[in-house]
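Here is the structure we will look at, set down as structure tokens.
Bear in mind that the values in this text are calculations on the coordinates, not laboratory data. Please read these numbers as outputs of a predicted model, since none were measured by experiment. All Cβ positions, even for glycine, are placed from backbone atoms using ideal geometry, and neighbour counts span all protein chains on display.
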Amino acid sequence: MLCLLLRVLCTLVFHILRCLLAIHMGKYLLHRALQSSHSLKIIHFLVKTQPSTIRRSGDRVLWDIVLHHGQLRAPSQPKTTLPKITLDPWLQQAARLMQILHPVLESKTFSFSRPAQRHPRFHQGVFQQGHSLLQTRQPNLRPRRHSLQNAYCRKPLTAPLPPAVLLLCPTALMLWKVGAIQVTRWTRFLSTSSPAPALSVPQAAKPAKPFGYGYPILQPGYQNVGLSSGVQTSNPAYSGFQQFAQQYPGMNQLSSSLSGLSLQHSSQQPESLRPVNLTQDRNILPVTPVLAPVPNLSSDLRKLNCNPDSFRCTLTNIPQTQALLNKAKLPLGLLLHPFRDLTQLPVITSSTIVRCRSCRTYINPFVSFIDQRRWKCNLCYRVNDVPEEFMYNPLTRSYGEPHKRPEVQNSTVEFIASSDYMLRPPQPAVYLFVLDVSHNALEAGYLTIVCQSLLENLDKLPGDSRTRIGFITFDSTVHFYNLQEGLSQPQMLIVSDIDDIFLPTPDSLLVNLHESKELIKDLLNALPNMFTYTRETHSALGPALQAAFKLMSPTGGRVSVFQTQLPSLGAGLLQSREDPNQRSSTKVVQHLGPATDFYKKLALDCSGQQTAVDLFLLSSQYSDLASLACMSKYSAGCIYYYPSFHHTHNPSQAEKLQKDLKRYLTRKIGFEAVMRIRCTKGLSIHTFHGNFFVRSTDLLSLANINPDAGFAVQMSIEENLTDTSLVCFQTALLYTSSKGERRIRVHTLCLPVVSSLADVYAGVDVQAAICLLANMAVDRSISSSLSDARDALVNAVVDSLSAYSQTSSTSQQSALIAPTSLKLFPLYVLALLKQKAFRTGTSTRLDDRVFAMCQMKCQPLVHLMKIIHPNLYRIDKLTDEGAIHINDRIVPQPPLQKLSAEKLTREGAFLMDAGSIIYIWIGKSCENNFLKDVLGYPNYASLPQKLTHLPELDTLSSERTRSFLSWLRDNRPLCPVLHVVKDESPAKTDFFQHLVEDRTEAAFSYYEFLLHVQQQICK
Amino acid sequence: MEAVVFVFSLIDCCALIFLSVYFIITLSDLECDYINARSCCSKLNKWVVPELIGHTIVTVLMLISLHWFIFLLNLPVATWNIYRFIMVPSGNMGVFDPTEIHNRGQLKSHMKEAMIKLGFHLLCFFMYLYSMILALIND
């Protein structure tokens, strides 16, 4: 008995061990065996051409052998003989296997095609092939042959199992069957380079000293300032600074002499490396908007490179090694705005889209043509053939100039994809509106605005003849609307069973927009008045969303949810988590993460069915945006938030909603999209930021894509980039346009590689770095805590500046030196710390904070920079000096002012562009001329407290101001609302909180922050 | 009696080993992109609680049967399991979250963890085996 038990156990252990070893050691054994087996020329080829592939995953080796088999007769010869390695028994076994396989691999008949992955049977098929190969050792075995041209697969398929494993262990085989390989429907799109998930090395991750502790003893001037209230401190704060500067004339002289020294140095250095003494140089902000640095490339490449508005990298000079990157203490990442509205976009229609055969990169301006018929991929360095069709240039109608094709002349192109890029016919545009009609919603009165906007824009909704539309309303029950063509009026169907929601008439709820237009208009006209006397205060958002999901899942599309309160019924109900007393707490900010996983699950379900959920939250109280936002975050939707919305009491919000809706309804939209980001071999992506679901290591699943969505990715350097001087990044966005076309938008960015730290600093794109840091800080504050995130931000400045001061030859211990490329870094970080998302000590509602975080994650760089660091202009004396001409309109370009109350004079009027809001601040003794000519009021006293429009007056200054304002408003994802702020109105606080260089009750002024940084560096 | 304790532990340990192997295989499937994050995580999350219970039972059993050394050996792993389970943020879908798993190298750390656990369970397995034989001989 005992004996039997023991034997069973021993066998079990033996099998487990074998299976484990086989699976996970097998890869490496195989690789070593490959290296040592002399009989395989293939290996030499592979080792020469694809070392990383071999190194990364052994089980891919076999596939590569097979894949490259056709290439073996190419002139690539083994140059070196590999050293003979004495094999241990395991290796011998593997080597024997290789010898068995050898004739098979050598035989020409063996062609591994790339079958469509969607057949689940495929894996089994290959698997059986492999098995029979092993058993029969037939060299002439003919496996199933698939057409290589038609089948389109997302990456070089790895053989499902290394045959070595099969040989070594039958148990493994069983286990692999258990871990059944599931192939998702959509993974066919967009090929990939070999996925290699990277270990994350967050730059600002090291534990930090708490920010705010150990601050140096302030100068008397500062201490006086500290006593006065936050809003009025601004001016005295700088008088304090002047005092300080006067008290230390010696330091001034020293540094001016040193700056003279450094000027001499700078003759050899690029401008971006010129050292700037931050504590001395008070006017670091340039008067013109900061532009993205231009990569240090040859002029040809520079001309071809991607527009920085669509594609930016935090370091325009990529460091050669991860060690160098770590030394620079700067984040490496990309900021993407892939679906931006473009005025000029080459659209290419051709039957074959030329792509690299191994990494599936699209042909781009940075590939090299070896000769007329072959091109070398710039991401994986594989040599590919130029297809016959590509030889003909449709633009010049000439033959034999592949390098003049539009694909090779433009780094941003759009391809019309063939049916290979579809798994189903392109979906129609489908829009579903889910509207809250509880008492609270009716009280806020948003329904009128939404219905009105929809009525106005019904014909402008992007779509074709198949466009479909539907409506769901909900309070404590869910209401559907039957809009089937032929009905005399819309039918309302009420489902009160919210625990088990069902669709009353599944096929007539989403109707064709054109066929049922009259019914839809009837409904939109009737809807605002239908629920006027409702007493229902509950909100069953969860069930309504479930219903929406059920309704949308056959087609996919866009769901727009309007919600005005905490969901209080059914699945996904939420409790209030905010403690109003904690709003201005400096210690812990809790509840930044979601309370339930309901919305996340729902979003993932929606994402799987190509449905995006956009959330409009119009609430007056806490509505737990942290939980609700999940429905949009993971389904690639967007989030709009209107705090304290009321149609009459808060007209500016109502106006904002109206304008946002207009943009929202009429902007471009792409459905069932996926985006893949490829980069040169050696680099890899380790974290993604934005609204989407990461489906595999480099594939983002975006149910919808809109022109206002921005993305960020963090990169790491996996292998040294020593043998290359250029790296390239390519994003490919495959989507279905609203007209039912499948399109691929490809952006390619090319950047130089550098080996010295100074060059890395010379190429810093400080705005991109700040946006990436903001994204990282949001992640950090959700996963860890807000104070951690703040510390990390401060450390980012401290680390990078101290790393720089160590490298620079001028060792000025007393001064805070930064290269010109980084001179705005501390200012921007301080601005970030004073953002609603990260500030502490100032009363901030939890929803406001969470919304600010959502914005950081999904806004494109240009817009996010305005939110972080608004632009301030003086507008009372606009001139045509330096004005630009756009469409016969003269737009004056006033210089940028520093964000400090010091710059605000009582005699002036200032305009602040803060992204989603524009303020015009009118000083107390502003000239009456300006008030009369621009605002239409005779004097300051007659100016009303709330003013949101500039009147159209027929004066020169009014014209100038309005053209400047409309220029600012153009090309903006959200139409900003204008607020005219009088110097003594209560709205002044909102304006003054954007003056980030000034001291507030809870936060440093810019100068204090610099001192703090300097002190941290010296430690 | 002691033999019974160890026979039970041994069986439990076998199950845990199998579970670890399953974890590793599923994670490496995800790494190689054979399955998507969603299905991988839902598969794995199902087994987090059984693993936790299985391991806690053995640990408690060792405490009750006064095998101090084995108990102390098991304690850190059991604590880690429970800690990890408790510390899952309320909005996540379990220890393995499909939206997070590709970010910040989580996949690699999960993989590493599963490997370490496998090693640990193998060690335990032989220890139980030895103890069981010893107990049976003594009987």
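Computed values, structure above
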item: Debye, to nearest 20: dipole size of segment B:1-107, +1 on Lys, Arg Cβ, -1 on Asp, Glu Cβ; result: 180 debye
item: Axial C-alpha extent at least 24 Å, average Kyte-Doolittle at least 1.0 - helices from chain B (DSSP); result: B:2-31, B:68-86
item: Computed over segment A:695-814, Kirkwood Rh from alpha-carbon pairs, angstrom; result: 18.1 Å
item: Zone residues, segment A:555-575, relative to residue A:443, backbone N less than 19 Å from point 7 Å out along Cα-to-Cβ; result: A:562-569, A:574-575
item: Least to most buried among A:531, A:838 (fewest other Cβ within 10 Å first); result: A:531, A:838
item: Projected label distance in nm at residue A:296 and residue A:370, using a 7 Å step from Cα toward the beta-carbon; result: 3.1 nm
item: Label-to-label distance, nm, for residues given as residue A:303 and residue A:424 (7 Å Cα→Cβ offset); result: 4.7 nm
item: FRET efficiency estimate (nearest 0.05) - Cβ-Cβ, residue A:658 to residue A:970, R0 22 angstrom; result: 0.75
item: Estimated FRET transfer efficiency when R0 is 30 angstrom, pair residue A:884-residue A:401 (beta carbons, to 0.05); result: 0.20
item: Three-way shape call for segment A:428-550 based on the alpha-carbon gyration tensor, with the a/c threshold at 1.5; result: oblate
item: Calculated Rg and Dmax of segment B:1-138 using C-alpha coordinates, Å; result: 16.4, 53
item: Farthest positive-ward along segment A:764-913 dipole, Cα basis, beta-carbon charges - from A:797, A:846, A:818; result: A:846
item: Estimated distance in nm for a label pair at residue B:87 and residue A:489, the labels positioned 7 Å out from Cα along Cα-to-Cβ; result: 6.1 nm
item: Distance-filtered residues of segment A:453-475 - backbone nitrogen under 20 Å, label point 7 angstrom along residue A:534 Cα→Cβ; result: A:453-455, A:470-475
item: Three semi-axes of the equivalent ellipsoid, segment A:805-930, Cα gyration tensor, whole Å, largest first; result: 30, 23, 17
item: Of B:97, B:12, B:33, the one that fluctuates the most in a GNM where chain B has Cα springs shorter than 10 Å; result: B:33
item: Per-residue mean of C-beta atoms belonging to partner chains within 10 Å, peptide B:90-99; result: 5
item: 25 °C / 0.890 mPa s Stokes-Einstein diffusion coefficient of segment A:583-685, Kirkwood radius on C-alpha pairs, µm²/s; result: 150 µm²/s
item: Two-site FRET efficiency, residue B:75 against residue A:577, from Cβ-Cβ distance with R₀ of 41 Å, rounded to 0.05; result: 0.75
item: Among the listed pairs A:857/A:877; A:404/A:460; A:303/B:108; A:303/A:681; A:550/B:43; A:460/A:857, those beyond 31 Å (Cα-Cα); result: A:857/A:877; A:404/A:460; A:303/B:108
